[in-house]
Structures are given as structure tokens and as C-alpha cells.
Amino acid sequence: MNLKPKRQELLRLLPDALVQTHASSYGGARYLTFDDGPEPDYTPRLLDLLAEHRVHASFFMIGQKIEQYPELVERMVAEGHMIGNHSYTHRLFKSLPLLDQLEEFQRTDELLRSFDARPRHRVRTPQGYLDTRLLLHCARHGRSIVYWSYDSLDYQKPTHDVLVARLRAQPPLPGDIVLMHDDSHRAVDALRSLLPEWLSEGHTFRALSGDAP
């Protein structure tokens, strides 16, 4: 489930402090990350499942949804999950000037700050779009971008059986940052089947650090 090889190879050439595609594999850790929430129909079910199995994860959230559902963000922080910045509106960055991209992150940082007191948060762009302008700005200003090394493809809307079979056949490896979404039932339903299996096989799952590696 990896990124296209060329993109993966290019991103891995960049410093981890700028763009992180993998994390520490110490203890066999994998890193579940969820984009596009919070959503009241799905995020609470996911948080319940993670709590049941004592698993911590990372949530990259949309600012407009943070404003709508602050109680879900409060719960994430209280339960030890990492909260990250996934822009304010989730507009496609490819069509936005750099100043508008930065405004998307700034507005969401201001919202997230009230939950964990961090002045800035690690970012993930909508659809993972990165261009040279944004990369240079983040490099100059010490902003940390989180990418992924394992794409669940849950956003392609596969059936439950297809998604579970695919993830079971090729589970994430130690150090993998796993891309999933909590704006539908697909990820939580798949993990309800897979997490107990993976944990019984000795896999461990952690939240990413809120600080750059």
C-alpha cells in the first residue's frame, strides 16, 4: 500500500524534520493516522475502538469541523492522541496561492491551540498535495509536514470485505505511517476486524510525536 515509488523516493530524500514519511520502528511500532474529521457519526466509534484496545493514533483535522465538534477534539487530547492540522477548509492546495495555503494552516493552528496549548501543529495538506513553494516556506520556518508510507485506500470506498482482505494480506510494517480517514465508517469497521488480529500478532501502534522528529 505504499506511495508511488518515485514520489516516495523523492520525499524520503528530504529531512524528516521537514517531511516525515516513516517514524521510529522501535518496538515494532506502527502509526495510524486519520484525516478529514472530526465527524460525530464516525469519530466517536473510532475513539471507542482505540480505547478498547489501548491504542493511540494521530488525527489530522479540518478547522471548520473542529469549530463544529470541539468536544471530539477534547476527547482526543484527553485520551492521549496526537492532534494535527489538515487545513481549515480542505480546499485543494494546488489551486491556492501560497498565502492562502498558509492562512488555511494558521486558522486551524489557532483553533487547535486552545486544546493542547501548542502554538503550532504538525500539518498534512489536503490530498497530500505539496509544491515547492510550500516546502520552501516550511523549511525556512521550521514547520513539520507529516506524510505517510502506507495508504489504506479507504477513500476509494471499497466494500468492507475488500478493504479488510487487502489490509490483512499486506499489513503495515514497523515504522509505517498509515493513512486512513474518520469521515466514513470504512476505517473503523475495518479496524474492528483487524486491530485484534494485528495486536495478537505482536504489532504495536502509537501516536506520532507532536514535535518534528
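State which residue is surrounded by the fewest Cβ atoms within 10 Å (Cβ to Cβ) when the search covers only segment 51-66 and only residues that are touching a residue at least 40 places away in the same chain (Cβ under 8 Å) and outside any strand (DSSP E or B). Full working, then the answer.
Within segment 51-66, the first condition is being touching a residue at least 40 places away in the same chain (Cβ under 8 Å), and the residues that meet it are 53, 55-63, 66.
This time we only want the ones that are outside any strand (DSSP E or B), so: 53, 55-57, 62-63, 66.
On the way: HIS53: 13, VAL55: 21, HIS56: 17, ALA57: 24, ILE62: 24, GLY63: 22, ILE66: 23.
Selected residue: HIS53.
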So LEU111 passes all but one of these: (1) of a type outside the set (Gly, Ala, Ser); (2) within 20 Å of the chain's Cα centre (by Cα); (3) more than 18 Å from GLU67 (Cα to Cα). Which condition number does it fail? (3)
Tally the residues that are of a type in the set (Ser, Thr, Tyr), open to solvent by 50 Å² or more (accessible area, probe 1.4 Å) and assigned to a helix (DSSP H, G or I), restricting the search to segment 144-198. 1
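A quick yes/no check of all residues on (1) at pLDDT 95 or above; (2) closer than 21 Å to LEU11 by Cβ:
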| site | (1), (2) |
| --- | --- |
| ALA165 | yes, no |
| LEU173 | yes, yes |
| MET180 | yes, yes |
| ALA212 | no, yes |
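Take ALA169 and tell me if it is closer than 25 Å to GLU39 by Cβ and either modelled with pLDDT of 95 or more or small (Gly, Ala, Ser) (or both). Spell out the reasoning first.
Numbers: closer than 25 Å to GLU39 by Cβ: no; either modelled with pLDDT of 95 or more or small (Gly, Ala, Ser) (or both): yes.
When the stated conditions are applied, ALA169 does not pass them.
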Can you work out which of the residues in segment 105-143 that are aromatic (Phe, Trp, Tyr) and assigned to a helix (DSSP H, G or I) is surrounded by the most Cβ atoms within 10 Å (Cβ to Cβ)? PHE105
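Inside segment 172-212, can you point out the residues that are among the charged types (D, E, K, R) and under 15 Å from HIS81 (Cα atoms)? Let's see the steps before the verdict.
We begin by selecting, within segment 172-212, every residue among the charged types (D, E, K, R); these are 176, 182-183, 186, 189, 192, 197, 201, 206, 211.
Result: ASP182, ARG206, ASP211.
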Identify all residues within segment 151-187 that are under 27 Å from TYR69 (Cβ atoms) and either free of Cβ contacts under 8 Å to residues at least 12 places away in the same chain or among the aromatic types (Phe, Trp, Tyr) (or both); write none if there are none. TYR155, GLN156
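Given the condition in contact with a helix residue (DSSP H, G or I) (Cβ under 6 Å, 6 or more places away or on another chain) and not in a strand (DSSP E or B), answer yes or no: does some residue in segment 12-21 qualify? It would help to see each step written out before you state the result.
We begin by selecting, within segment 12-21, every residue in contact with a helix residue (DSSP H, G or I) (Cβ under 6 Å, 6 or more places away or on another chain); these are 18-19, 21.
Subsequent filtering for residues that are not in a strand (DSSP E or B) retains 18, 21.
The answer is yes; a qualifying residue exists.
The values are calculated or read from the model by the stated rules, or taken from the named source; none is laboratory data. Note that the structure is a prediction, hence the values are computed from the model and not measured. As a convention, Cβ positions derive from the backbone with ideal geometry for all residues, glycine included, and neighbour counts pool all protein chains shown. We work out accessible area using only protein heavy atoms, side chains counted, and drop any ligands, DNA or RNA first. Shrake-Rupley method; radii C 1.70, N 1.55, O 1.52, S 1.80 Å.
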